[in-house]
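Worksheet: the structure to be examined is printed underneath.
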């Protein structure tokens with residue numbers, strides 16, 4: 001039953017267009033806002049994501065909270081900013097969750 005709850009959290013996190021856009025932006029290796037060196041995972045702060053999406057910072061923060069809870073992104077503090085990036089291990093777990101559905 002615990003696995004089903006985790007799957008529900010995952011699918012809820014993926015059910016919003018803005019959250020999907022955030023994931024697409026973080027997955028885009030050409031994105032370079034908020035620092036980062038070549039070869040590193042893309043990291044963006046709330047402000048940069050809000051500008052790219054055209055929504056408020058508070059809306060982005062709420063979306064990131066749900067994505068983080070689902071294990072799809074993680075944040076790393078740099079001074080007074082938190083930079084968000086994809087959680088690669090979380091994505092492996094998400095893929096495994098889809099695989100357990102048994103859909104072919």
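Read the figures in this text as sums done on the coordinates, not as results from a lab. Keep in mind that this is a model prediction, so the values were computed, not measured. FYI the Cβ positions are ideal-geometry reconstructions off the backbone, even for glycines, and counts take in every protein chain you see.
Averaged over residues, the count of other Cβ atoms within 10 Å places the peptides 60-73, 11-24 in the sequence 60-73, 11-24, highest first.
On full extension, the segment bounded by residue 24 and residue 55 gains 9.6 nm, given 0.36 nm per residue less the C-alpha separation. Please state the shape class of segment 2-99: rounded when a/c is under 1.5, otherwise prolate if a/b exceeds b/c and oblate if not, all from the C-alpha gyration tensor. Cα axes put segment 2-99 in the prolate bin. Using a simple spin-label model with pseudo-atoms 7 Å out from Cα toward Cβ, residue 88 and residue 101 lie 2.6 nm apart.
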